[in-house]
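*Asks:* To start, I am sharing the structure in question, which I have written as structure tokens.
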Amino acid sequence: MIGEVRLMSTVMDREKVRHFSMMFEDFAGMPEEEEITVRISDLKAFMNVMRDYAIMTHISDSDAEAATALARVADYVDQACPNETNTSTVYKTTTLAGIFGVSVTAINKWIDEGRFIGYQRPEPGKHAKIPHFTPFRMRDGSVVPLSRLIDEYNGKPTSFADDDERQLLLVELARLKNKYGKSSYAEAFGERELSPSEESDASWWCFYERKLSELK
């Protein structure tokens, strides 16, 4: 649901944009060398409507909505045209995990939660490749382009994702504790000989606890 939005466009701006849309067919029939005159006020109207559309549908940073929306249109077409040269940057889950300092499991969980807005998981057997222009929904509900998050957090010792990672680790630890009915690694596994399945669980238990200690 969209909260209160302060619109940049006026009713007149939106009427101008509707007029542009009706002119598209005329543009298609015009020779490419023909020149037309466009008022700056008309371009501003177009940009204002683009800004409002973007902030009401995807982006939450009102300082760059129009530019981001236009870039997303071009990048989307790049992604949809595999037969053409594609220069758009895409990120695998392992790459994003390294950038944000979280596990690949956390990235996959974000995909399943729909936090990469508009991105659909590929068919089985294919790696996820998330375009840099994909809007990402933060835990507080705000939305920012993935590329902006990467620029802000890449290489930093702490990340916005720490809370997400901590929550995921706690959930996984709770699952193992419930499975074995014990509250600690020593109580669950002790010095006894473990089955292959128990060895795997013991390894994950240690991993989760180590990652949690690193986040504190």
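The values are calculated or read from the model by the stated rules, or taken from the named source; none is laboratory data. Worth saying up front: this structure is predicted, and the values here are computed from it rather than measured. Here the Cβ positions follow ideal geometry from the backbone for every residue, glycine too, while neighbour counts run over all protein chains shown.
*Asks:* Looking only at segment 93-107, filter to residues that are more than 14 Å from the chain's Cα centre (by Cα) and more than 13 Å from LEU149 (Cβ to Cβ); which one of those is surrounded by the fewest Cβ atoms within 10 Å (Cβ to Cβ)?
*Replies:* THR94
*Asks:* Let me ask you something else. Looking at (1) modelled with pLDDT of 80 or more; (2) within 25 Å of the chain's Cα centre (by Cα); (3) outside any helix (DSSP H, G or I); (4) of a type outside the set (Asp, Glu), which is the only condition LEU194 fails?
*Replies:* The failed condition is (2).
*Asks:* A further question follows. Name the residue that is nearest to the chain's Cα centre (by Cα), counting only residues in segment 118-158 that are surrounded by 15 or more Cβ atoms within 10 Å (Cβ to Cβ) and assigned to a loop (DSSP other than H, G, I, E, B).
*Replies:* Among them, the one singled out is THR134.
*Asks:* Look at segment 18-45 and say how many of its residues are surrounded by 13 or more Cβ atoms within 10 Å (Cβ to Cβ) and at pLDDT below 80.
*Replies:* Summing the residues that are surrounded by 13 or more Cβ atoms within 10 Å (Cβ to Cβ) and at pLDDT below 80 in segment 18-45 gives 1.
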